[in-house]
Each structure stands twice: as C-alpha cells, then as structure tokens.
1. Can we say ASP69 is modelled with pLDDT under 90 and more than 15 Å from ILE137 (Cα to Cα)?
2. Looking at the structure I just gave you, is SER157 at pLDDT below 85, over 19 Å from THR41 (Cα atoms) and open to solvent by less than 60 Å² (accessible area, probe 1.4 Å)?
3. Does segment 52-62 include one or more residues that are at pLDDT 75 or above, closer than 16 Å to ARG11 by Cα, surrounded by 13 or more Cβ atoms within 10 Å (Cβ to Cβ) and of a type outside the set (A, V, I, L, M, F, W, C)?
4. Among the residues of segment 23-38, are any closer than 20 Å to ARG108 by Cβ, of a type in the set (Asp, Glu) and either touching a Leu at 6+ places or on another chain (Cβ under 8 Å) or at pLDDT below 85 (or both)?
5. As an exercise: evaluate ARG133 against (1) under 30 Å from PRO59 (Cα atoms); (2) of a type outside the set (Val, Ile, Thr); (3) modelled with pLDDT of 85 or more and give the number of the one condition it does not meet.
6. Could you give me the residue pairs with C-beta distances under 8 Å whose first residue belongs to segment 136-156 and is within 23 Å of PRO85 (Cα to Cα) and hydroxyl-bearing (Ser, Thr, Tyr), whose second residue is at pLDDT 85 or above and surrounded by 16 or more Cβ atoms within 10 Å (Cβ to Cβ) wherever it lies, and which are 6+ apart or on separate chains?
7. Considering segment 51-90 alone, what residues qualify as being more than 12 Å from VAL135 (Cα to Cα) and hydrophobic (A, V, I, L, M, F, W, C)?
8. Scanning segment 73-128 for residues that are part of a loop (DSSP other than H, G, I, E, B) and among the acidic types (Asp, Glu), which turns out modelled with the highest pLDDT?
Amino acid sequence: MRVYHPKIEIRLIKVVRRKEIVTKVPIALDRAGAMDGVDLTPYLGDHGGVTVTKSVREPAGAFSITLSDKPHDKYVESLYALIEPMDMVEIRMAHDPSEYAKADKGYRPPVVMRGFVSTVTRSRVMTGGSPVRTVTIAGQDMSKVLQTLQIFYLNNSVVGENIMSPL
C-alpha cells in the first residue's frame with residue numbers, strides 16, 4: 001500500500017525596509033543582522049493552514065496562511081510584528097515528495113505560488129480553556145503588481161506618455 005507524506009514549505013522574503021521610529025533605538029532587524037528570508041513552516045502548528053486559489057476567471061491568484069503567533073527566535077518580534085503588507089511569500093507544496101527526490105538529492109518541492117502580502121490580521125480565541133493566538137496572512141500572486149498599476153489611454157496624448165512620466 002502506497003503511503004503519501006505531503007510536504008509544504010512557506011518562506012517570507014522581506015521587501016519592505018523598516019525605518020527607525022524612536023531615535024537611538026535600533027529596529028529588531030538591524031540588531032539581528034540582514035534578513036534574506038524567514039522560514040514560516042515551523043509556525044503552521046495545530047491551528048495553522050494554507051489555502052491557495054487560482055482561477056482563469058479571476059485577475060489574480062490568492063493565498064491565505066494561518067500561523068501560530070509566536071516570537072521569532074532570531075528577530076525577537078512576533079510574526080504579527082514581523083510580516084508587513086507588500087512582503088513577498090513563496091509557497092511550495094508536494095503531494096509525493098519522493099518523486100522529486102529521485103531526480104535530485106538537494107530537492108525542494110515545486111513552487112505553487114509566489115505573491116505579495118495584502119493583509120496581516122491577528123486573532124485570539126479561547127478553546128479548551130487555553131488561549132490560541134493566530135496570525136492570518138492574506139495576499140495575491142504576482143498579478144497584484146498588474147492590478148495596482150493603472151494604465152489610461154487618452155485620445156489626445158501619445159501612447160505611453162502618461163505611463164513614463166510617473167515612473
């Protein structure tokens with residue numbers, strides 16, 4: 001009997017550079033050094049989940065990730081404080097990772113979606129007499145960039161002139 005062991009990897013890539021709010025108090029990322037990416041997979045926990053949606057009837061694919069809200073070991077901040085809108089998320093999934101391991105020993109599951117964070121929300125619920133704190137990250141795939149860029153064509157202007165001036 002064949003048994004599957006699905007695998008998932010979620011990685012956060014900081015795109016938004018933080019600024020100092022209080023003078024002479026360095027931000028957590030500067031205290032911990034440069035950040036190239038944060039592995040969010042260990043934070044899925046018992047109450048976590050990942051939803052990825054793509055459709056030909058929608059302008060952009062969407063994702064929703066629910067994580068346990070715990071402080072990060074290296075950056076000292078909770079996930080709610082660490083993740084910001086317009087940060088990039090990479091989601092990798094494999095139903096049967098052994099198929100990919102046959103071809104390459106240093107394999108990783110294939111990328112299902114890369115996208116940008118739109119909203120970050122935190123919720124607290126009492127279940128079974130103990131509090132459960134979760135962070136939900138929602139966003140869209142790379143098509144979000146095309147949705148935010150608006151192109152207007154006017155009859156009395158040269159095509160592309162209104163695009164080039166703001167950029």
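1. So ASP69 fails the test.
2. yes
3. no
4. yes
5. With respect to (1) under 30 Å from PRO59 (Cα atoms); (2) of a type outside the set (Val, Ile, Thr); (3) modelled with pLDDT of 85 or more, ARG133 is out only on (1).
6. Once the first residue is within 23 Å of PRO85 (Cα to Cα) and hydroxyl-bearing (Ser, Thr, Tyr) and sits in segment 136-156, its partners that are at pLDDT 85 or above and surrounded by 16 or more Cβ atoms within 10 Å (Cβ to Cβ) give THR136/ILE65; THR136/THR66; THR136/LEU67; THR136/VAL120; SER143/ALA60; SER143/GLY61.
7. VAL52, VAL56, ALA60, ALA62, PHE63, VAL76, MET86, MET88, VAL89
8. Residue satisfying both the conditions and the ranking: ASP87.
The values are calculated or read from the model by the stated rules, or taken from the named source; none is laboratory data. What you are looking at is a predicted structure, and each value in this text was computed from that prediction instead of being measured. Heads up, the Cβs are rebuilt from the backbone with ideal geometry, glycines too, and the neighbour counts pull from every protein chain shown. Areas reflect the complete protein model, heavy atoms only, side chains present, ligands, DNA and RNA absent. Shrake-Rupley method; radii C 1.70, N 1.55, O 1.52, S 1.80 Å.
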